[in-house]
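Presented below is the structure to which this report refers.
The values are calculated or read from the model by the stated rules, or taken from the named source; none is laboratory data. All figures in this text were calculated on a predicted structure; none of them were measured in a lab. All Cβ positions, even for glycine, are placed from backbone atoms using ideal geometry, and neighbour counts span all protein chains on display. To get the accessible areas, we keep the full protein, side chains included, count just its heavy atoms, and leave off ligands, DNA and RNA. Shrake-Rupley method; radii C 1.70, N 1.55, O 1.52, S 1.80 Å.
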Amino acid sequence: MAASIGTSPTAQWRAILSKHFLLRYLDAEELDQLLTFARQRRCVAGELLFQKGDAGDSLLAILNGHIKISTLSGDGKEIVLNILGPGELFGEIALIDGKERSADAHTMEPSELLVIDGRDFMPFLNARPELSTRLLVVLCERIRWVSDLYEDAVFLNLPSRLAKHLMRLAASYGETIDSGTRITLKLSQQDLGNLLGTSRESINKQLRAWQATGLISVDRGLITIHRADEIELLSQAF
Ligand code: CMP
């Protein structure tokens with residue numbers, strides 16, 4: 001595991017974390033206090049940060065890079081629950097309920113994280129009722145996200161699910177270029193399949209069909225949406 005540890009809070013850490021819904025109400029002094037508990041961890045691409053079932057005794061924040069939250073079935077099939085990016089927090093579930101990690105976490109590219117031990121975070125949290133309420137909101141978002149994924153898996157066909165997900169990715173990672181919106185997060189077709197509960201082959205077939213009609217294009221793994229209005233319409237079909 002490639003990790004390098006630093007201890008002093010930096011302006012960069014503050015700038016990234018102060019944007020998070022959970023932490024942005026803290027004043028500068030409180031945020032700095034929290035950051036004195038944080039240590040930096042640098043990770044290589046594809047690094048396993050923890051596995052479902054591990055003991056969970058820390059909260060993690062993403063400074064840069066993306067983290068895949070996933071689980072594996074008994075026969076090795078992966079379900080991707082979420083992909084988290086800079087400024088997002090994870091690892092709060094095991095910290096709060098004191099049980100094991102609820103999913104695996106892997107880096108998708110070289111990434112930098114902040115790690116705060118539960119023994120430092122929990123007293124900080126318990127002393128601030130508003131922080132606890134905000135943490136509940138973060139947990140509510142996780143529940144909404146998972147119920148949406150479940151609902152889509154049951155009610156929507158694959159073209160609709162994929163269209164909906166491309167629009168979500170475009171909203172979070174879209175960059176406007178002359179020919180449309182390029183999704184700057186590189187996701188493999190396998191990852192997309194694991195996120196949408198289908199095979200890599202089905203994703204590939206659908207993307208190729210949309211490429212043939214000019215709705216999208218794929219260049220070195222990056223998807224560009226050329227006709228967002230039509231992808232949006234597809235995302236609402238059943
Ligand atoms: P924890 O259970 O400690 O470890 C796995 C982490 O993944 C979990 O905390 C959450 O931070 C995160 N996580 C689990 N499920 C989801 C989800 N469906 N969406 C986003 N993040 C999740």
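Using the average count of surrounding beta-carbon atoms within 10 Å as a protection proxy, the listed peptides 70-77, 161-168 rank, highest first, as 161-168, 70-77.
Once both labels are positioned 7 Å from their Cα atoms along Cα-to-Cβ, the gap between residue 222 and residue 201 label points is 3.1 nm. Extension gain, residue 79-residue 177: 0.36 nm per intervening residue step, less the Cα-Cα distance, totals 32.1 nm.
Given their separation in residues at 0.36 nm each and the Cα-Cα distance between them, residue 71 and residue 188 gain 40.4 nm when the chain is fully extended. Here the Gaussian network model covers the chain, with springs between Cα atoms less than 10 Å apart; of 143, 116, 223, 143 fluctuates the most.
Using the average count of surrounding beta-carbon atoms within 10 Å as a protection proxy, the listed peptides 10-22, 53-65 rank, highest first, as 53-65, 10-22. Think of it as helices only: each DSSP H run of n ≥ 4 in the chain is worth -39500 (n - 2.57), and spread over all residues that comes to -13500 deg cm²/dmol at 222 nm.
Near residue 81, the amide H atoms lying under 5 Å from its own belong to 69, 70, 71; only residues 5 or more places off or on other chains count, and H is placed 1.01 Å from N.
Rounded to whole numbers, the Karplus 3J(HN,Hα) couplings from phi for segment 186-191 are 8, 10, 6, 5, 5, 4 Hz, using 6.51 cos²θ - 1.76 cosθ + 1.60 with θ = phi - 60°, and x at Gly and Pro. Rolling a 1.4 angstrom probe over the protein heavy atoms with all chains in place gives segment 156-227 an accessible area of 48 Å² per residue. On a per residue basis, segment 47-153 carries 48 Å² of accessible surface, using protein heavy atoms and a 1.4 Å probe. Net length available on complete extension from residue 39 to residue 124 is 29.0 nm, with 0.36 nm assigned per residue and the Cα-Cα distance removed. Once backbone amide H atoms are built at 1.01 Å from N, residue 58 has 118 as its partners under 5 Å, excluding neighbours fewer than 5 places away on the same chain. Peptides 82-88, 193-199 ordered by packing proxy, namely the average of other Cβ atoms within 10 Å per residue, highest first: 193-199, 82-88. Neighbours of residue 63, meaning other residues whose beta-carbon lies under 13 angstrom from its beta-carbon, give a summed charge of +2 when Lys and Arg score +1 and Asp and Glu score -1. 3J(HN,Hα) along segment 23-34: 10, 6, 7, 5, 7, 4, 5, 5, 5, 4, 4, 4 Hz, from the Karplus curve 6.51 cos²θ - 1.76 cosθ + 1.60 with θ = phi - 60°, whole Hz, x for Gly and Pro.
Counted by Cβ distance under 10 Å from residue 128, the other residues give a net charge of -1, where Lys and Arg count +1 and Asp and Glu count -1. Label separation (residue 136 vs residue 20): 2.0 nm, computed from points 7 Å beyond Cα along the C-beta direction.
Rounded to the nearest 0.05, the FRET efficiency derived from the C-beta distance between residue 145 and residue 28 at R0 = 25 Å is 0.25. The portion of the accessible surface of the chain made up by carbon and sulfur, rounded to a whole percent, is 54 (1.4 Å probe; DNA, RNA and ligands excluded). Pairwise Cα separations in the chain fall into 5 Å bins from 0 onward with the following percentages, short to long: 1, 6, 12, 17, 17, 15, 13, 9, 6, 3, 1, 0. The 3J(HN,Hα) values that the Karplus relation (6.51, -1.76, 1.60; θ = phi - 60°) gives for segment 122-135 are, in residue order, 4, x, 4, 5, 5, 7, 9, x, 5, 5, 5, 5, 5, 5 Hz. Gly and Pro appear as x.
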